[in-house]
Amino acid sequence: MTNYSAFESLRHAVSGRPWSRAWRNPEPKSQYDVVIVGGGGHGLATAYYLAKEFGIRNVAVLEKSHIGSGNAGRNTTIILANYLLAGSTEFYGHSQKLWDTLSSELNFNVMFSPRGQILLLNSSEDVDGAVRRSNIMLRHGIDARLLDRAAMQKLVPHLDYRPTARFPIWGGLLQPSGGTARHDAVVWGYARAASQLGVDIIQNCEVTGFLRDGGRITGVETTRGRVLSKKTAMAVAGHTSQLGEMAGLRLPIESHLLQAFVSEPLKPLLDHVIDFVSHGQFYISQSDKGGMVFGGDLDMYNSYAQRGNLPAVRDVASLAVSLMPCLGRVRLVRHWGGINDMTMDGSPIISKTPLEGLYLSGGWGYSGFKATPASGWCFSHLIARGENDRLSAPFSLDRFARGATIDEAGTGPIPRLH
């Protein structure tokens, strides 16, 4: 495969020669060392790091449609590492470091834009919490800076700073290295790099069941035939509980609809990613094409739907206009939904399962996209070595039985509360 560079771009432009395909399109083999179910960012990143870091190259990634067609193509591309609790802080801090060099590592421009992410502070309690959060981030080597109201007005002048504003702005917590990346470029980059290392990426291959030998998983049944494997890994955001049920597992995961929106293109208006969590949830950034990309909270009922609904449009649009009144006459041009797998403590699972030979990465909730590099890094370690590394050890499945939950969402391990 071609190594992408400025010289190669010039050579192809002058010669008119077409580019070779980015990754191979092989037929599935009858047996692999590792089969990964799910061709999104997490599954592809896991395959890449298995091949690169551990030399395990007899790997297949099975995707029921085309790669990136699931949740990888339905998120709002935000990258940050402002987590508060032990375990989460270290994990997302490592992911942030991997994002910094990902384009160079994959030889593929994932369009990472470290434009800075700001968490809005709307009360004195928010400011107190941000002081604690920023100290934790700094202690773990993650950049953080507290902004007062005047600094916020200088950086983000279009927010509502009036004394009568619905949500008074007291300041902000800035992570300068936070930002956005292009979601489809991330999956394409990982797919291309993994394929170069020998990984088979099998598209249009849906898993319909698991093969067993007693209590051990020995492979999968698919729409393209039976595939045997020494180790089988699940990385299927949005459908983790359904796939787990095929294997006979009952997982502590609920699925919810999360909706997102994009406006008509505007002239440059917003340089940073803005997060608001004081009263509900809202986040907004501006895409490279000028559209305002934003979203809110999960729909609170369980669902596998991927279509939006008007109550969520009303709630999210209301928050948008309350925080940035200048958006009041901007037209929405697109609205979509993705399925979020949410665990009972709002933190992910990277773990062995009770079935020998079956591994699980899931329950990523709001944090799936930003976690993509670290998820692949840690999950590949678990599959290759048979044990969690230091970063993913807190996210084992048995934490729910041990009472060692990581309540990052601050909502408690209560079903149907998310």
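The values are calculated or read from the model by the stated rules, or taken from the named source; none is laboratory data. Not measured: the values here are computed from a predicted model. When we count neighbours, we look across all protein chains shown, and the Cβ atoms used for this are built from the backbone with ideal geometry, even at glycine. Just so you know, the surface numbers come from the protein's heavy atoms only, side chains and all, with ligands and any DNA or RNA stripped out. Shrake-Rupley method; radii C 1.70, N 1.55, O 1.52, S 1.80 Å.
What the table below lists for this structure:
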quantity: Conditions (1) free of Cβ contacts under 8 Å to residues at least 24 places away in the same chain; (2) over 30 Å from SER9 (Cα atoms): number failed by SER104; calculated: (2)
quantity: Residue satisfying condition, being in contact with a Leu (Cβ under 9 Å, 6 or more places away or on another chain), at pLDDT below 95 and closer than 19 Å to VAL262 by Cβ, within set GLY337, GLY363; calculated: GLY337
quantity: Enumeration of residues in segment 149-173 that are in a helix (DSSP H, G or I) and among the aliphatic types (A, V, I, L, M); calculated: ALA150, ALA151, MET152, LEU155
quantity: Checking ALA72 against (1) modelled with pLDDT under 95; (2) over 19 Å from the mean Cα position of the chain (by Cα), the condition it does not meet; calculated: (2)
quantity: Of all residues making up segment 162-179, the number that are touching a Ser or Thr at 6+ places or on another chain (Cβ under 7 Å) and open to solvent by less than 10 Å² (accessible area, probe 1.4 Å); calculated: 2
quantity: Selection within segment 251-269 - over 17 Å from TYR359 (Cβ atoms) and open to solvent by 10 Å² or more (accessible area, probe 1.4 Å); calculated: GLU254, LEU258, VAL262, GLU264, PRO265, LEU266, LYS267, PRO268, LEU269
quantity: Flag if THR76 is in contact (Cβ under 8 Å) with a residue 40 or more places away in the chain and in a helix (DSSP H, G or I); calculated: no
quantity: Single residue of GLY290, GLY295 found to be open to solvent by less than 20 Å² (accessible area, probe 1.4 Å), of a type outside the set (S, T, N, Q) and not in a strand (DSSP E or B); calculated: GLY290
quantity: Set GLU387, GLU356: member being within 28 Å of ARG57 (Cβ to Cβ) and free of Cβ contacts under 8 Å to residues at least 40 places away in the same chain; calculated: GLU387
quantity: Close pairs (7 angstrom Cβ cut-off, 6 or more residues apart or separate chains): within 24 Å of GLY198 (Cβ to Cβ) in segment 4-23, open to solvent by 90 Å² or more (accessible area, probe 1.4 Å) and not in a loop (DSSP other than H, G, I, E, B) anywhere; calculated: ALA22/TRP188
quantity: Strands (runs of 3 or more DSSP E) contained entirely in segment 327-387, each with at least 2 residues that are β-branched (Val, Ile, Thr) and either touching a Cys at 6+ places or on another chain (Cβ under 6 Å) or over 30 Å from LYS267 (Cβ atoms) (or both); calculated: 332-343, 349-352
quantity: Lone unmet requirement of (1) modelled with pLDDT under 95; (2) over 17 Å from the mean Cα position of the chain (by Cα); (3) open to solvent by less than 40 Å² (accessible area, probe 1.4 Å) for TYR32; calculated: (1)
quantity: Enumeration of residues in segment 368-404 that are within 19 Å of GLU105 (Cβ to Cβ) and of a type in the set (Gly, Ala, Ser); calculated: ALA371, ALA374, SER375, GLY376, SER380, ALA384
quantity: Residue within segment 45-53 that is of a type in the set (A, V, I, L, M) and open to solvent by 70 Å² or more (accessible area, probe 1.4 Å) present; calculated: no
quantity: Residue list for segment 54-73, restricted to those being crowded, with 22+ Cβ neighbours inside 10 Å and in a loop (DSSP other than H, G, I, E, B); calculated: ILE56, GLU63, ILE67, GLY68, GLY70
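The rows are residues; the columns are (1) assigned to a loop (DSSP other than H, G, I, E, B); (2) farther than 23 Å from THR180 by Cβ; (3) not aromatic (Phe, Trp, Tyr).
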{"residue": "HIS12", "(1), (2), (3)": "no, yes, yes"}
{"residue": "ARG17", "(1), (2), (3)": "yes, yes, yes"}
{"residue": "HIS42", "(1), (2), (3)": "no, no, yes"}
{"residue": "LEU85", "(1), (2), (3)": "yes, yes, yes"}
